[in-house]
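One structure is given here, and the rest of the page talks about it.
The values are calculated or read from the model by the stated rules, or taken from the named source; none is laboratory data. What you see is a predicted model; the values in this text were computed from it and never measured. Ideal geometry is used to build each Cβ from the backbone, glycine not excepted, and the neighbour counts take in all protein chains shown. Accessible surface is based on the protein model in full, side chains and every heavy atom, while ligands, DNA and RNA are left aside. Shrake-Rupley method; radii C 1.70, N 1.55, O 1.52, S 1.80 Å.
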Amino acid sequence: MPDKQRIMMCAPDHYEVSYVINAWMEGQIGRADRTLAVRQWNDLHAIIARYADIVLQPPQPGLPDLVFTANAGFVIGDIAVVSHFRNTERKGEEKYDHEFFKSAGFKIADWPKDALFEGAGDALLDRGARLIWTAYGLRSDARAATLLGQVYGREVVTLKLVNPHFYHLDTCLCPLTGGYVLYYPDAFDAESRGKIESVVPAGRRIVASKEDAFAFACNAVDLAPRVVMGNASEGLQQALRAKGFDPIVTPLGEFIKAGGSAKCLTLKLVEE
């Protein structure tokens, strides 16, 4: 990881649950406590700011999910791929994401307008090998993997998501420094589980329990040796410490109502 990471965040000024586009939003319309959400986001911001520079994207009225900056796009070096969302409710974010990356000095990669891709929600850099993990099945298209490989010249490992509660890859898999991977196997089909096991040695796989996975423990931010998480059982925290990591847990329950946690609320802008 670079000496000083830059991380994109967006304040939850307009955050709410006003529609349903994932399983977590069911029954949550109008139930998000924005005051509490702001407090939780500020706590996360303060933790991240200890270890990284934060670049803020301006919030926009009518776009409550803009706060989930992981979905804005995907970057390596000075090249950004801007997301192309599946759901109409989020398509309005694309204009602002494009403006953000351009103003931040990134070159915007060419991308077919009909190829659905939801950024670092469905594309994650491995932290031990020169490869990109990608996912399809619920949000991004399967062909996004081929396109990412062409844009960045990297090996791409494609996984299929099969559980609607884990609709993005970053909800169920978190690459950690040193080639470790924290993940929830039941979010993937059998072939994808086999791919993970073939790439990541058993000693570097950290398996989340169902309880931890449904508490969004895998939706974590790797700031090695720290792992910033919205939730994690004591058992999972001990497993991370045994591998040399320092888990930092900060409650983000208001954002889980919309299907996101620590990783969803952040996007690393310095990736090599």
task = Give, in nm to one decimal, the length gained when the segment between ARG50 and GLU234 is fully stretched (0.36 nm per residue of separation minus the Cα-Cα distance).
result = 63.9 nm
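Could you give the size of the charge dipole of the chain about its Cα centre, using +1 on the Cβ of each K and R and -1 on the Cβ of each D and E, expressed in debye and rounded to the nearest 20? If you can, show how the numbers build up before the last one.
Numbers: 30 positive and 34 negative charges, 73 e Å.
That gives the chain a dipole magnitude of about 340 debye.
Assuming R0 = 22 Å, can you tell me the calculated FRET efficiency for the pair LYS4 and ARG130, based on Cβ-Cβ distance, to the nearest 0.05?
Values: r = 22 Å, r/R0 = 0.99.
Here the calculated transfer efficiency is 0.50.
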message = If I model a spin label as a point 7 Å beyond the Cα along the Cα-Cβ vector, how far apart are those points for ALA190 and ASP43 in nm?
response = 4.2 nm
request  = Please label the shape of the chain as rounded, prolate or oblate, based on the square roots a ≥ b ≥ c of the eigenvalues of the alpha-carbon gyration tensor (a/c under 1.5 means rounded; beyond that, a/b larger than b/c means prolate, else oblate).
outcome  = rounded
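For the range 58-142, what relative contact order do you get, as a whole percent, if you take Cα pairs closer than 8 Å and at least 6 residues apart?
Values: 124 pairs, mean separation 24.2, N = 85.
28 percent.
Stretch GLU94-ILE79 to full length: gain in nm at 0.36 nm per residue minus the Cα-Cα span?
Details: separation 15, 0.36 × 15 = 5.40 nm, distance 1.63 nm.
Difference between extended and current length: 3.8 nm.
Among the DSSP beta bridges whose two residues both lie in the chain, what percent are antiparallel, rounded to the nearest 5? Spell out each step's value before the answer.
Working: 18 of 38 bridges.
Antiparallel bridges: around 45 percent, rounded to the nearest 5.
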Label point at GLU26 placed 7 Å out along Cα→Cβ; residues across the range 237-272 whose backbone nitrogen lies under 15 Å = 257-259
task = Of the options GLY153, GLY137, THR250, report the single residue whose Cα projects farthest towards the positive end of the charge dipole of the chain (beta-carbon charges: Lys, Arg +1; Asp, Glu -1).
result = GLY153
note = With DSSP loop assignment and no more than 16 other C-beta atoms within 10 Å, the trypsin sites (Lys or Arg not before Pro) in the range 132-185 are ARG143, ARG154
ask   = With every protein chain present, what is the per residue accessible area of the range 1-116 (1.4 Å probe, Å²)?
value = 47 Å²
remark   = With a 1.4 angstrom probe the carbon and sulfur portion of accessible area for the chain, in percent, totals 48 percent
note = Counting lysine pairs in the range 90-242 that sit 8 or more positions apart or on different chains, with Cα atoms under 26 Å apart, gives 11
task = Search the structure for amide H atoms under 5 Å from the amide H of LEU182, placed 1.01 Å from N in the peptide plane, and list their residues when 5 or more places away or on another chain.
result = CYS174, LEU176, ILE206
ask   = Lys/Arg Cβ at +1, Asp/Glu Cβ at -1, dipole of the chain taken about the Cα centre: which of ILE54, GLN237, GLY121 is farthest positive-ward?
value = GLN237
request  = Would you mind computing, in nm to one decimal, how far apart the modelled labels at GLU197 and ARG143 are, each placed 7 Å from Cα along Cα→Cβ?
outcome  = 3.3 nm
query = With +1 on each Lys and Arg Cβ and -1 on each Asp and Glu Cβ, how big is the dipole of the range 162-272 about its Cα centre, in debye rounded to the nearest 20?
reply = 160 debye
request  = Go through the range 74-81 residue by residue and turn each phi into a ³J(HN,Hα) via Karplus (6.51, -1.76, 1.60, θ = phi - 60°); whole Hz please, and just put x for glycine and proline.
outcome  = 9, 10, 9, x, 9, 10, 10, 9
